[in-house]
Amino acid sequence: MGIINVTPDSFSDGGLHLQADAAINHALLLASQGADILDIGGESTRPGAVSISTTEELSRVIPVIQGIRDAGCELPISIDTIKPEVARKAIEAGATIINDISGLALGPELALIAAEHNASLIIMHSKGTPQIMQINPYYQDIVQEIASFLGEKAHIAKECGVKDIILDIGIGFGKTVVHNWQLLSSLSTFATLGYPLMLGISRKSFIGKSLLIDTPVDRDLSTALLHAMLLNSKMHILRVHNVNLMSQMRVLYSLLEQNRDKKGENYDE
C-alpha cells in the first residue's frame with residue numbers, strides 16, 4: 001500500500017503533495033513502482049496533529065481520487081479518514097477501502113458505509129486522539145488488550161454487514177517505543193484473530209529512536225530491513241512511503257521462495 005498524504009503537516013512528507021496535481025502524479029508514480037493499493041489521506045494523524053474540518057478534508061482528497069481514476073489507474077484506493085461524510089464521498093469518487101485509524105471508536109457509521117457500498121474496512125487500534133495519544137500511554141498487557149479490542153471491533157463491523165475486514169495494530173498510535181517492539185514480536189497472536197493484517201511502520205519514530213535516525217526519509221532502508229524480517233509473520237498489507245524499495249524487497253523474497261525446493265538442481269544463468 002503506497003501512501004499519498006495530501007496534507008501540509010504529515011510527519012514525513014507534509015506539504016510535498018498538498019496540491020492535487022502533485023498528489024495525483026505521486027500516486028501514479030507509486031502505481032508504476034509496484035503499489036497494489038493507494039492510500040489517500042487528507043488529515044495528518046501524526047502525534048500532536050490538529051484536526052481539520054470535513055470541508056477542508058474533502059477539498060484535499062476528492063480531486064485526487066477523481067484524478068487517479070481519470071488517469072486510468074484501476075488500483076484499489078483506500079481513503080484514510082475517520083469522518084463518515086469523507087468516507088462516503090470518497091467511495092462515490094472511486095475509493096474502494098475505508099481506512100479507519102479510530103478503529104470505530106466514534107461509532108459504527110464507517111462500518112455501515114463500508115457495508116452499504118461493499119467496500120473493505122481497515123480497523124486500526126489507536127489509544128486516544130493524535131493530540132494526546134503519545135502522552136504516557138499505558139497498558140497492563142498491550143498484546144492482549146489490543147487483540148481484544150480488534151476482535152471486538154471486527155465483530156461489530158461484521159454485524160454491520162462488512163464482508164472484507166482488515167486489522168491494523170496501530171504501531172505508533174498511543175504506544176511507546178517499547179510497546180511497538182512488543183507488538184511486532186507478537187504478530188502471531190493477532191494472526192489468530194482470523195482477519196488479514198495490515199502493518200504500518202514506515203519511517204516511524206520508534207525506528208528513528210531505536211537507531212538514532214532523526215530524519216524520517218532516512219529511515220527507508222531500516223523500514224525495508226524490518227519488513228524483510230517480518231515477512232513470515234502473516235502480514236497481508238504493508239503500508240509504506242517508499243514503494244520502489246519495498247517492491248525490490250518483494251521481488252528478492254519471491255525469488256528466494258521459488259528456489260527453496262530447487263536445491264541441487266543445475267540451471268543456466
Residue-wise HN-Hα coupling along region 118-124, computed from phi with Karplus coefficients 6.51, -1.76, 1.60 (Hz; x: Gly, Pro)
6, 9, 6, 10, 9, 10, 10
Only one of the listed values, [x] 52; [y] 64; [z] 56, was derived from the coordinates as percent of Cα pairs over 23 Å apart; which label is it?
[x]
Theoretical gain in end-to-end length, Q140 to K158 [0.36 nm per residue, Cα-Cα removed]:
3.7 nm
Provide the percentage of antiparallel DSSP beta bridges, counting only those with both residues in region 65-169; round to the nearest 5.
0 percent
Sticking with the crude label model, points 7 Å out along Cα→Cβ, report the distance from E116 to L212 in nm, one decimal please.
5.4 nm
Pairs K158/K209; K89/K175; K83/K163; K163/K262: which are spaced more than 29 Å apart, C-alpha to C-alpha?
K158/K209; K89/K175; K163/K262
For a quick check: with amide H placed at 1.01 Å from N, whose amide H comes under 5 Å from R203's, ignoring anything fewer than 5 positions away on the same chain?
T223
Scalar couplings 3J(HN,Hα) for region 215-231 by Karplus 6.51 cos²θ - 1.76 cosθ + 1.60 (θ = phi - 60°), nearest whole Hz, x for Gly and Pro, are 7, x, 5, 6, 9, 4, 5, 5, 4, 5, 4, 5, 4, 4, 6, 9, 5
For Q19 and E109 in the same chain, what is the full-extension length gain: residue separation times 0.36 nm, less their Cα-Cα distance, in nm?
29.5 nm
Around K158 (Cβ within 13 Å, Cβ-to-Cβ, excluding K158; K/R +1, D/E -1) the net charge comes to -1
Test item: Cα-centred dipole of region 2-258, Lys/Arg +1 and Asp/Glu -1 on Cβ, debye:
460 debye
With n ≥ 4 as the cut-off for DSSP H runs, can you work out [θ] at 222 nm for the chain, using -39500 (n - 2.57) per run divided by the number of residues, rounded to the nearest 500?
-13000 deg cm²/dmol
Working out 0.36 nm times the residue gap between N232 and R260, then minus their Cα-Cα distance, what length gain in nm do you get to one decimal?
8.6 nm
Rank A105, A71, A87 by mean-square fluctuation in a GNM of the chain with C-alpha springs under 10 angstrom and give only the top-ranked residue.
A71
Gaussian network model of the chain, Cα springs within a sub-10 Å range: biggest mean-square fluctuation belongs to which of Q33, Q134, Q258?
Q258
Taking the Cα centre of region 60-139 as the origin, how large is its charge dipole in debye, to the nearest 20, when only Lys and Arg (+1) and Asp and Glu (-1) carry charge on their Cβ atoms?
220 debye
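Read-outs throughout are calculated quantities, based only on the coordinates presented, and are distinct from any laboratory measurement. In this text the structure is predicted, and so the values were computed from the model without any measurement. A quick note on method: Cβ atoms are made from the backbone with ideal geometry, for glycine too, and the neighbour counts reach across all protein chains shown.
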